[in-house]
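> Handing you this structure, nothing more for now.
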2 protein chains.
Amino acid sequence: MTRKKIERTIYLEDVPRQQALKQLLSHFRMPREVEWLPTVKALGRVTAEPIYACLSMPHYHASAMDGIAVRAEDTYGAHEQRPKQLVEGETFEYVDTGDPIPAGYNAVIMIEHVQELGEGKVQIIEPATPWQHIRPVGEDVVSGEMLLPQGHVIRPVDQGALLAGGILSVPVVKKPVVSIIPTGSELVQPTIDVTPGQIIEFNGTVFAGYIEQWGGSPRYYGIVKDDPEEIRAAILDCVRTSDIVLLNAGSSAGSEDFTVHLIAELGEVFTHGVATRPGKPVVLGKVEDTPVIGLPGYPVSAYLTLEWFVQPLICHYLGVSVPKRPKLEVTLGRRLVSTMGSEDFVRLNIGYVNGKYVANPLTRAAGVTMSLVKADGLLIVPPESLGYEQGEKVTVELYKPLETIRKSILFSGSHDLSIDLLSSLIKERDQDRQIISSHTGSMAGLMAIKKGETHVAGIHLLDEESGMYNIPFVQRYLKDEDVVLVRFLQREQGWIVPKGNPHQISSVQDIVDKNLIYVNRQRGAGTRILFDSLLAQNDLSVNDIRGYEREVYSHLNVAAAVKEGTADVGLGIYSAAKALDLDFVPVADESYDLLMSREFYESEGGQLLLAVMVSEAFKIQIEQLGGYKVKDIGQVVDLFSADLF
Amino acid sequence: MTRKKIERTIYLEDVPRQQALKQLLSHFRMPREVEWLPTVKALGRVTAEPIYACLSMPHYHASAMDGIAVRAEDTYGAHEQRPKQLVEGETFEYVDTGDPIPAGYNAVIMIEHVQELGEGKVQIIEPATPWQHIRPVGEDVVSGEMLLPQGHVIRPVDQGALLAGGILSVPVVKKPVVSIIPTGSELVQPTIDVTPGQIIEFNGTVFAGYIEQWGGSPRYYGIVKDDPEEIRAAILDCVRTSDIVLLNAGSSAGSEDFTVHLIAELGEVFTHGVATRPGKPVVLGKVEDTPVIGLPGYPVSAYLTLEWFVQPLICHYLGVSVPKRPKLEVTLGRRLVSTMGSEDFVRLNIGYVNGKYVANPLTRAAGVTMSLVKADGLLIVPPESLGYEQGEKVTVELYKPLETIRKSILFSGSHDLSIDLLSSLIKERDQDRQIISSHTGSMAGLMAIKKGETHVAGIHLLDEESGMYNIPFVQRYLKDEDVVLVRFLQREQGWIVPKGNPHQISSVQDIVDKNLIYVNRQRGAGTRILFDSLLAQNDLSVNDIRGYEREVYSHLNVAAAVKEGTADVGLGIYSAAKALDLDFVPVADESYDLLMSREFYESEGGQLLLAVMVSEAFKIQIEQLGGYKVKDIGQVVDLFSADLF
């Protein structure tokens, strides 16, 4: 963190994405190099020219059946009452399927219709028509016929047709070489041994994978430091041996973002900055007639811009069209705000709830790789839109097959590590089904059930007045809804503290007395309600708590803050403390239950969830996690029995 | 063709396909072997268990912006009228995106909002809120979080998340080894040097390609002769080293079909014969607890049965679900007859004509590989159906992307080699567009335009009375339709004869006088109409022509029959004779024109077709084919001008 001279002489533009792409492609009439491959090795490759058969298939008149070859003329008049006799070698020959028709014969009679008389004689009771049961020369392929056009991606069945047509080798378009240059002094190769400030270089692996899938040949150059000399050398080295060159990152306008300057110096910059969120800081240019593209460093930005600009370049080179994802109309489960003037790319989870596809936006932070891993679909909000209201219908591109989305169990509400285990066990029983969970907190989960945005909500809501969990909240907020509350886990909440509990925390009063830094959960989270009730019980105010304003969204994030040392203590569940090897001081046992609509409860997915929940396998895994009791698990709570009031 | 003892003691069953599959899968609880791969090499592989992060991402609190790290408390009260000064090293530090937040600081201010005063001092005019522009530890991934479930096919973005989460190697399911044993004494390795009776072994290559794409590891055993001893040895060799064993063919009930006997002898046969057309003669069984499957020899049967039984076995092993193809509702362009009691699998071409998707069945012959190569979709006719009428709506599985199908130009009518050239040139200008042609003959093409089943019909219909081509037919049959007739090619029709014209044919009278064998075209073909008019002109009858009853469907098939020697002469176009290196005796010049609806003519596809037709590139290629004149090409014929009558 030494002081640096900050120079900012250039600014990012806001070029519309499609315009930037069109301009990029217009600069390159790529030299489509051709290579000849043995047909058996050409799977997935793109034909460089139309391919014509040089052999007919079949290449001789072949019997289509097991039977006898005859002259149709010899069989005329055969009848049940007047069978015709034929003599082997004179008026018939035995043939099997695929055998050539012996010279002079012009029809085949199926063996099932032939009565054998012995001594080389047979009789038939039906005449044959000329050419019956014969596959004539060229039935499948005629020599000279076009088998495949140019620009065709060779499938296994195409290989079959090529070989049948006597094509033993095929001209295919060479895979374009795409060099990947990761730049950044902070980058390190994948390791688990990292120190603060070091960033694991994984974008290059992701790029390589997509390039491979799109038909290119990725070449990983290796990490280059933030040094203009070294980056310049790498660019010059790559443009001479590659068809496309990628730099990642350094594409923005910061003090160490050299990409745009170097491309401008060595060649030409077409675009710096596109009107998208995320993905804006992209550089499109060329050096020595090779496209050179600077991609942003944040993973989500990087992969989106790769798809926008590098995939079309590869397809352009190969002479194939850019494949499109299937689309689906969905109902937005939440309101979505967008900025005017730029396209917004929003990752979404999608589920089939109450007869419609409901989509809930995932985090929009460009640094969150998991938002792409978890996404079922992508919504592109056009530049002129300010966003959409909850309940509005929008069209999204799908990342996953519709059948899988249709079977997903949407889970909302309070976070718990056991939900992932449930999902795994469900997927074991039904490959297509899993739980898609979003950690929104108990209250948000309860409201999501009310609004029909989710199948299941995990809730642990303590009613201060009655001291009772969950039931009073359901009665209060969902009294007109047909819902089912299922007992799930009894779990321990407690203080998550560093190993050895250095501040000897045992109560909320300790946090205040010792002036410790607390890490809080978001509004509406059951854990926050529990903490607030602890404050109330001890006559403490939120102003007494340092760090009360710092909100995180899951037990694991609380534990991570403690682990990192930016908080001394947080409230959370045992399994989160255990996962990060922290200590845990129990505070309360709570009821963590599952709330669902009756419709889902009674559905195939709901019943599978129930079955897995009460299975022995789940109990064993829950025990390994620790901090839970499974009493009454799977039992339906009687929400409106009189004794609750 | 020596006499064989035909023994037929077994018969094929008619087991419903789904029942046979269920029974097959129920026999195998496959040992899902696990292997550990470096994450960077795991693309496309299937996770063998859930994967949990062992590193948080980011693993330190990181600046999300280029700017300065501050303590939020120090910035409170900053205002445009009352800026706050901060001192480097005391109350702020410079940070770039990704830098760790220096100890003691808890917020970042973007560099754009910082005014530099020099000498290590800056001023700000807005306060920071705690944790602003900081990516806290675990924002993306928290150590202990589940990154991927088991049974997940690893995508590039998943590799990114794994590496970010410190997962450098992953447990994946081993690819199941699928051995392919081609059997048949008639089989030869791909070659263009074949003699009658030899069959090129290409099914094995096709199988290997699909197995690869489905996630298996294909192993090609090599051709085994039709000898029970050799086949038995191959099976035993393979079952011990493979997870699945395929035999192809010999799966039927013929005299040399040993598969079912050998599997029964060495293990157990579950099913012999399924109720499908094609694909019936399949054998499902096991030997030493390894699935052994006998696939039929005809290519279409072989690839369909592979998909029905081998793909589910591979997916079962891998623990993933069988992917489904997208579906589409289409209108049948032609009547389709099906047999009761068996599922029929019909390959179709599909095009978007007059606002609806129209599907036309391709040949149903199981030996025609090209019917799968050319298919846009597959219709499964259930066992209880007798078929569908023309115009009925049915749902099909798609083999090609809908965008491609939507842009296809459906071509019907008379066959000509120039159509393939047109298609290539169209595809060169628009990757997604090509001509899908079916050779139905001129009259059928004309009627397909009338019925709205096709975009374009190629016709060359000689009106005997007027001696005029095409126009009288359009006037007669399509007088109420808004159609456009476009001049295409003037082409030579003539006698296609063996090299050197051994029978010295120069007229139709020669064929009769010399008692030669003729190969005819199907009813409604323009060439047949021409031949019939030649007969009429010479006062000859169809009974005078040997072979008149043998109908083939294209010029190339006519040429193939002459080439093979089963006909002495046929009528056809010059380019077909040339393609098979035959001689050609000109008979007539004819107008081969393109008929289309006005709607298509005016559409983007129609205009592209027109543009390509009149292009220099097309003219050059047509000249190379030979036998054509391109006078007036692309001109619209005035169909109803007075002087035609």
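The values are calculated or read from the model by the stated rules, or taken from the named source; none is laboratory data. Keep in mind that this is a model prediction, so the values were computed, not measured. Quick reminder, even Gly has a Cβ in these numbers, built from the backbone with ideal geometry, and neighbours come from all protein chains shown. Areas reflect the complete protein model, heavy atoms only, side chains present, ligands, DNA and RNA absent. Shrake-Rupley method; radii C 1.70, N 1.55, O 1.52, S 1.80 Å.
> For B:Lys578, what accessible surface area do you get with a 1.4 Å probe? Give it in Å², rounded to 10.
Looks like 100 Å² after rounding.
> Let me ask something additional. Express in nm, to one decimal, how much length is gained between B:His27 and B:Ser185 on full extension, taking 0.36 nm for each residue of separation and deducting their alpha carbon distance.
53.7 nm
> Run through the other copies and list how far each one's label point is from that of A:Lys631, in nm with one decimal, shortest first; the point sits 7 Å from Cα along Cα-Cβ.
Listed shortest first, these distances are 10.1 nm.
> Another question, then. What does the convex hull of the Cα atoms come to per residue for segment A:1-155, in Å³?
281 Å³
> Here is a further query. Only sites in a loop by DSSP and with at most 16 other Cβ atoms within 10 Å count here; which GluC sites (Glu not before Pro) in segment B:92-142 make the cut?
Within segment B:92-142, the qualifying GluC sites (Glu not before Pro) (loop, at most 16 other Cβ atoms within 10 Å) are B:Glu119.
> OK, next. With a 10 Å radius around each residue's Cβ, average the other Cβ atoms per peptide and rank A:613-623, B:248-258, highest first.
Answer by packing, highest mean first, reads B:248-258, A:613-623.
> Rolling a 1.4 angstrom probe over the protein chains, ignoring ligands and nucleic acids, what is the accessible area of B:Glu599 in square angstrom, nearest 10?
About 120 Å², ignoring ligands and nucleic acids.
> With runs of 4+ DSSP H residues as the only contributors, calculate the mean residue ellipticity of chain B at 222 nm using -39,500 (n - 2.57) per run, divided by the residue total and rounded to the nearest 500.
-7000 deg cm²/dmol
> Between B:Glu212 and B:Glu268, what is the FRET efficiency for a Förster distance of 25 Å, r being their Cβ-Cβ separation, to the nearest 0.05?
With a Förster radius of 25 Å, E is 0.30.
> Roughly how big is segment B:442-644's charge dipole about its Cα centre, with Cβ charges of +1 (Lys, Arg) and -1 (Asp, Glu), in debye to the nearest 20?
For segment B:442-644, the charge dipole is close to 460 debye.
> How do A:His133, A:His455 stack up against each other in accessible area, from largest to smallest, with a 1.4 angstrom probe?
A:His133, A:His455
> So, R0 is 25 Å and r is the distance between the beta-carbons of B:Val636 and B:Lys451; what FRET efficiency does that work out to, to 0.05?
Calculated value: 0.65.
> Distances from A:Tyr477 to the same position in the other copies: list them in nm, one decimal, shortest first, using label points 7 Å from Cα along Cα→Cβ.
Output for A:Tyr477: 7.0 nm, nearest copy listed first.
> Going out from 0 in 5 Å bins, what whole percent of all Cα-Cα distances in segment B:149-189 drops into each bin?
Over segment B:149-189, the share of Cα pairs per 5 Å bin runs 5, 15, 19, 14, 8, 7, 7, 7, 9, 6, 2, 1 percent.
> Residue by residue through B:191-203, how many Cβ atoms from other chains fall within 10 Å of the Cβ on average?
Across the residues of B:191-203, the mean count of other-chain Cβ atoms within 10 Å is 6.
> If you don't mind, another one. For a label point 7 angstrom out from the Cα of A:Glu49 toward its Cβ, which stretches of segment B:609-638 have the backbone nitrogen within less than 18 Å?
Those under the cut-off are B:617-626.
> In nm, give the distance between the simple-model label positions of A:Leu402 and B:Glu599, each being 7 Å from the Cα along the Cα-to-Cβ direction.
Placing both labels 7 Å along Cα→Cβ, they lie 2.4 nm apart.
> For A:Lys121 paired with B:Glu88, estimate the spin-label separation in nm (one decimal), with each label point 7 Å from Cα along the Cα-to-Cβ line.
11.5 nm
> Another question, then. What is the mean number of Cβ atoms from other protein chains located within 10 Å of the Cβ atom of each residue in peptide A:59-66, rounded to a whole number?
For this peptide, the per-residue mean of nearby foreign Cβ atoms is 5.
> Could you list the square roots of 5 times each eigenvalue of the Cα gyration tensor of segment A:327-402, that is, the equivalent ellipsoid semi-axes, sorted largest first and rounded to whole Å?
Ellipsoid half-lengths, sorted descending, are 18, 16, 10 Å.
> Stokes-Einstein at 20 °C, 1.002 mPa s, Kirkwood radius from Cα pairs: D for segment A:228-283 in µm² s⁻¹?
So the translational diffusion coefficient is about 181 µm²/s.
> Give or take rounding to whole Å, what are the principal axis extents of the alpha carbon atoms in segment B:442-644, in descending order?
50, 36, 30
> DSSP loop chymotrypsin sites (Phe, Trp or Tyr not before Pro) in segment B:65-111 with at most 13 other Cβ atoms within 10 Å of their Cβ, which ones?
Loop-located and lightly packed - B:Tyr76.
> Of the GluC sites (Glu not before Pro) in segment B:431-518, which ones lie in a loop per DSSP and count no more than 12 other C-beta atoms within 10 Å?
Sites meeting the loop and neighbour criteria: B:Glu465.
> Taking a cut-off of 25 Å, what percent of all Cα-Cα pairs in segment B:265-408 are separated by more than that?
34 percent
> Please give the residues of segment B:444-461, grouped as numeric ranges, whose backbone N is less than 15 Å from a label point set 7 Å along the Cα-to-Cβ vector of B:Gln390.
B:444-455
> If you average the alpha carbon positions of segment A:478-553 and of segment B:200-215, how far apart do those two centres end up, in angstrom?
Between the Cα centres of segment A:478-553 and segment B:200-215 lies a distance of 60 Å.
> So for each of B:328-336, B:222-230 I average, over its residues, the number of other beta carbons within 10 Å; can you give me the resulting order with the highest mean first?
Ranking the peptides B:328-336, B:222-230 by packing returns B:328-336, B:222-230.
> Decide, for segment B:62-135, between rounded, prolate and oblate: order the square roots of the alpha carbon gyration tensor eigenvalues as a ≥ b ≥ c, take rounded if a/c falls under 1.5, and otherwise choose prolate if a/b is larger than b/c, else oblate.
prolate
> What is the diffusion coefficient of segment A:553-632 in µm²/s, taking the Kirkwood radius over Cα pairs and the Stokes-Einstein relation at 10 °C with a viscosity of 1.306 mPa s?
The diffusion coefficient I find is 108 µm²/s.
> As a test question: what accessible area, to the nearest 10 Å², does B:Tyr52 have when a 1.4 Å probe is rolled over all protein chains in place?
Its accessible surface works out to 90 Å², give or take rounding.
> With chain A rotated onto chain B, spot the residue of A whose Cβ lies nearest the axis and note the distance in whole Å.
A:Pro326, 3
> Separate question: Note the distances from B:Val87 to each other copy's matching label point, with points 7 Å along the Cα-to-beta-carbon direction, in nm, sorted shortest first.
Listed shortest first, these distances are 12.5 nm.
> Where a Cα-Cα gap under 23 Å defines reach, which lysines qualify for A:Lys84, not counting those fewer than 8 residues away within the same chain?
List returned: A:Lys121, B:Lys4, B:Lys5.
> For the cross-link pairs A:Lys393/A:Lys578; B:Lys407/B:Lys563; B:Lys563/B:Lys619, which exceed 31 Å when the distance is taken from alpha carbon to alpha carbon?
A:Lys393/A:Lys578; B:Lys407/B:Lys563
> Same structure, new question: Size of the protein assembly as shown along its principal axes in angstrom, Cα-based, largest extent first?
120, 67, 55
> Among the listed pairs A:Lys400/B:Lys174; A:Lys175/A:Lys427; A:Lys22/A:Lys175; A:Lys356/B:Lys175; A:Lys356/A:Lys479, give every one whose C-alpha distance is greater than 27 Å.
From the list (A:Lys400/B:Lys174; A:Lys175/A:Lys427; A:Lys22/A:Lys175; A:Lys356/B:Lys175; A:Lys356/A:Lys479), the Cα-Cα distance tops 27 Å for A:Lys175/A:Lys427; A:Lys356/B:Lys175.
> Compute for chain B: radius of gyration divided by Kirkwood radius, i.e. Rg/Rh, restricted to C-alpha atoms, rounded to two decimals.
Taking Rg over the Kirkwood Rh, I get 1.14.
> Another question, if that's okay. Residues of B:297-309, mean number of Cβ from any other protein chain within 10 Å of their own Cβ, rounded to a whole number?
2
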